[in-house]
Each structure stands twice: as C-alpha cells, then as structure tokens.
Amino acid sequence: MKNSKTRIEEFIRVDHAGERGAVKIYEGQLLALNTLVKDESLKKTIEEMKVHEKEHCDFFEAEIKKRKIKPTKFLPLWDLLGVGLGFGSTLLGKKATMLCTASVEEVIDKHYKNQIDQLGPDEKNLKEKIIKFRDDELNHKDIAYEKGATKKGLYSIMDKIIKTGSKIAINISEKI
C-alpha cells in the first residue's frame with residue numbers, strides 16, 4: 001500500500017498534467033478558430049472554458065512548487081498532443097469540438113471523484129479545490145452537450161479514442 005504522501009504527490013502530478021493538457025486542448029481549438037475556422041460563438045465558449053482550466057492549472061502549478069513535486073516527464077508530449085487534439089477536433093466541426101470537451105470531462109469527472117473519495121481531513125484545502133474543479137468540469141461537459149456534442153455515428157469512435165487517450169495519459173502521469 002502506498003503511503004499518503006506518495007499518493008498525494010501522484011494526485012498533484014497527474015492533476016497538474018491534466019489541467020495543463022486541458023489548457024493546451026483549448027489553445028489548439030482557439031488556434032483553429034483564429035485561423036481556419038470562423039465561428040465566433042464557439043470561440044467565445046472555448047475562451048470562457050479555458051479561463052477555468054487556466055485557474056485549475058495555476059493552482060496545481062503552485063502546489064507542485066510548494067510541495068517540491070516533480071511534474072510528469074511527459075509534459076512536452078502532452079502539450080503537443082493537447083494542441084493537436086484541440087486543433088484537429090475543431091477542423092472536424094463544432095460537434096467534434098464540443099465532443100472533445102465532453103469526452104475529456106467525462107473521464108476527469110470519474111478521476112476527480114476517485115481522488116475526492118480518497119482525500120482525508122489532512123488535505124482539506126486540496127480536497128475543496130478538487131471538488132470545485134470537478135464542478136467546473138461537469139459544467140463544461142454540460143455546455144459541450146448543449147452546444148452540440150454527440151456520440152452518434154462516427155462520433156462514438158472519436159469519443160472512445162479521446163477517452164482511451166485521456167486514461168492512458170492519466171496512468172502515465174501519475175507514475176512518471
């Protein structure tokens with residue numbers, strides 16, 4: 001059984017990577033929306049969600065520094081893949097753009113819930129932040145479905161690919 005300190009370090013490392021990845025996905029989407037795809041309404045939605053992800057990322061960045069935790073060695077790869085996923089999903093259209101958000105947030109919902117259930121009173125502040133961030137992520141998922149995310153037809157394959165990739169990134173980022 002892992003000790004509590006090791007588990008907390010894994011939580012912070014993976015959450016830092018995940019929130020940074022979310023920022024990168026939105027940066028990729030905004031890159032496409034500012035260059036090739038013109039949809040001001042979608043751009044506004046993405047910009048608003050990115051603000052939350054940046055807040056989450058900044059919190060975990062500060063925790064990494066404060067607790068002297070090494071970030072995942074895969075950050076440069078996750079950055080590249082995040083921007084690529086965001087850019088590529090936006091090129092596929094609004095439904096794919098919003099499905100990208102919905103699929104990632106559905107994985108993060110379970111991931112954060114698992115962490116919340118494991119955190120004790122000794123990590124009250126961290127637990128409260130993760131609860132707040134999970135609420136933000138669930139709100140993003142709801143917005144994504146309101147704005148057209150779907151899992152019908154070929155979109156179901158895209159959903160599975162994004163979810164599988166997200167789960168793999170989580171498993172790697174906890175450890176390395």
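The values are calculated or read from the model by the stated rules, or taken from the named source; none is laboratory data. Remember, predicted model here, so these are calculated numbers, not experimental data. Reconstructed Cβ throughout: ideal geometry from the backbone, glycine too, with neighbour counts over all protein chains shown.
Key figures for this structure:
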quantity: Tally of residues being among the charged types (D, E, K, R), touching a helix residue (DSSP H, G or I) at 6+ places or on another chain (Cβ under 6 Å) and closer than 21 Å to Ser41 by Cα across the stretch 78-106; calculated: 2
quantity: Single residue of Ile162, Ile143, Ile130 found to be at pLDDT 95 or above, under 24 Å from Leu30 (Cβ atoms) and within 13 Å of the chain's Cα centre (by Cα); calculated: Ile162
quantity: Candidates Ile12, Ile64, filtered to the one that is β-branched (Val, Ile, Thr) and under 15 Å from the mean Cα position of the chain (by Cα); calculated: Ile12
quantity: Candidates Ile157, Ile168, filtered to the one that is under 30 Å from Asn34 (Cβ atoms), among the β-branched types (Val, Ile, Thr), surrounded by fewer than 17 Cβ atoms within 10 Å (Cβ to Cβ) and over 16 Å from the mean Cα position of the chain (by Cα); calculated: Ile157
quantity: All positions within the stretch 137-162 that are under 24 Å from Glu55 (Cβ atoms), assigned to a helix (DSSP H, G or I) and not hydrophobic (A, V, I, L, M, F, W, C); calculated: Glu137, Asn139, His140, Lys141, Asp142, Tyr145, Glu146
quantity: Qualifying residue in the stretch 100-110 (condition: outside any helix (DSSP H, G or I), surrounded by 14 or more Cβ atoms within 10 Å (Cβ to Cβ) and at negative phi); calculated: no
quantity: Residue in the stretch 161-176 that is free of Cβ contacts under 8 Å to residues at least 12 places away in the same chain and either aliphatic (A, V, I, L, M) or at positive phi (or both) present; calculated: yes
quantity: Number of positions in the stretch 130-176 that are of a type in the set (S, T, N, Q), out of contact with any helix residue (DSSP H, G or I) (no Cβ under 7 Å at 6 or more places or on another chain) and farther than 20 Å from Gly93 by Cβ; calculated: 3
quantity: Residue among Phe60, Phe87 that is over 19 Å from Ala149 (Cβ atoms), of a type in the set (Phe, Trp, Tyr) and in a helix (DSSP H, G or I); calculated: Phe60
quantity: Any hit, the stretch 129-136, residues being without any contact (Cβ under 8 Å) to a residue 12 or more places away in the chain, more than 19 Å from Ile12 (Cα to Cα) and part of a helix (DSSP H, G or I); calculated: no
quantity: Answer residue from the stretch 50-79, given it is closer than 12 Å to Arg20 by Cα, in contact (Cβ under 8 Å) with a residue 12 or more places away in the chain and of a type in the set (A, V, I, L, M, F, W, C) and is surrounded by the most Cβ atoms within 10 Å (Cβ to Cβ) among those; calculated: Phe60
quantity: Output for the stretch 115-126, where each listed residue is buried (at least 18 other Cβ atoms within 10 Å of the Cβ) and modelled with pLDDT of 95 or more; calculated: Gln115, Leu126
quantity: Subset of the stretch 80-96 [free of Cβ contacts under 8 Å to residues at least 60 places away in the same chain, of a type outside the set (A, V, I, L, M) and more than 27 Å from Ile176 (Cα to Cα)]; calculated: Gly93, Lys94
